[in-house]
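K.L.:
Before I ask anything, here is the structure I am working with.
Readers should treat all values here as calculations from the given coordinates under stated rules, not as data from a laboratory. Keep in mind it's a predicted model, so treat the numbers as computed, not measured. Every residue, glycine among them, receives a Cβ derived from its backbone with ideal geometry; neighbour counts consider all protein chains shown.
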Amino acid sequence: MLYSRLNVVIVSVYLLEVSVLIDDNCIMRKYFPFRIDETWYALPLELVETVVRSVALIALPEAASGLLGLIDYKGTAYPVVDVRFRLHRLSQPVGVDQRIILAHRDEQVVAFLADEVESVIEVSDAQLKQSAEIFPDMDSYVTAILWHDEKKLQLCDAETFLYFDHELIKRHKGESVSSKPITDQ
């Protein structure tokens with residue numbers, strides 16, 4: 001496991017090189033794997049902003065069921081999307097061993113909970129099995145399947161996986177949701 005209870009509270013992901021051309025037809029890409037329940041998923045590394053330990057969320061009593069609340073990260077509030085709801089899984093309270101992943105969706109930074117995260121992996125496009133090849137319209141959240149270190153990872157489409165109703169959140173009085181990227185302050 002990448003993070004333990006004794007490790008640093010905040011771990012930033014620094015992007016130096018996201019993809020490398022190996023030969024004329026094979027591109028290597030970096031992905032960030034995470035687990036929700038017993039299923040492993042991954043996002044392209046360039047979409048992951050940072051990972052933090054779980055914290056108490058700012059409650060939004062009138063929020064839609066796809067939103068858990070807000071996280072205050074370095075003085076800016078970010079929405080925490082309930083991906084369990086989107087994946088048709090039972091909702092769970094925030095656990096001390098969970099991680100909050102802040103990731104880009106369009107121009108927005110949103111957060112979601114993961115039960116476990118692992119080190120960044122680098123794989124070639126040839127290793128991916130596109131979901132349309134397996135079954136057309138298989139899943140709107142999954143773009144491809146990848147087998148890596150005896151794990152099946154579902155590569156997520158950030159646009160649909162991290163979707164939330166931005167206008168609903170903005171209506172919540174007293175809270176503002178940031179669209180600006182996270183930077184060290």
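K.L.:
Test of understanding: among Ser91, Ser119, which residue is of a type in the set (Ser, Thr, Tyr) and free of Cβ contacts under 8 Å to residues at least 40 places away in the same chain?
P.N.:
Just one listed residue meets the conditions, Ser91.
K.L.:
Out of everything in segment 58-100 that is hydroxyl-bearing (Ser, Thr, Tyr) and closer than 21 Å to Thr160 by Cβ, what residue ends up being surrounded by the most Cβ atoms within 10 Å (Cβ to Cβ)?
P.N.:
Checked segment 58-100; the qualifying residue surrounded by the most Cβ atoms within 10 Å (Cβ to Cβ) is Tyr78.
Yes or no, residue by residue, for (1) within 21 Å of Tyr141 (Cα to Cα); (2) basic (Lys, Arg); (3) not in a loop (DSSP other than H, G, I, E, B):
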residue	(1), (2), (3)
Glu49	yes, no, yes
Ala56	no, no, no
Leu60	no, no, no
Leu70	no, no, yes
His88	yes, no, no
Gln92	yes, no, no
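K.L.:
Can you name every residue in segment 21-80 that is more than 11 Å from the chain's Cα centre (by Cα) and of a type in the set (S, T, N, Q)?
P.N.:
Scanning segment 21-80 gives Asn25, Thr39, Ser54, Ser65, Thr76.
K.L.:
Restricting to segment 25-57, and then to whatever is free of Cβ contacts under 8 Å to residues at least 60 places away in the same chain and among the hydrophobic types (A, V, I, L, M, F, W, C), can you tell me which residue is surrounded by the fewest Cβ atoms within 10 Å (Cβ to Cβ)?
P.N.:
Among those residues, the one meeting the criterion is Ala56.
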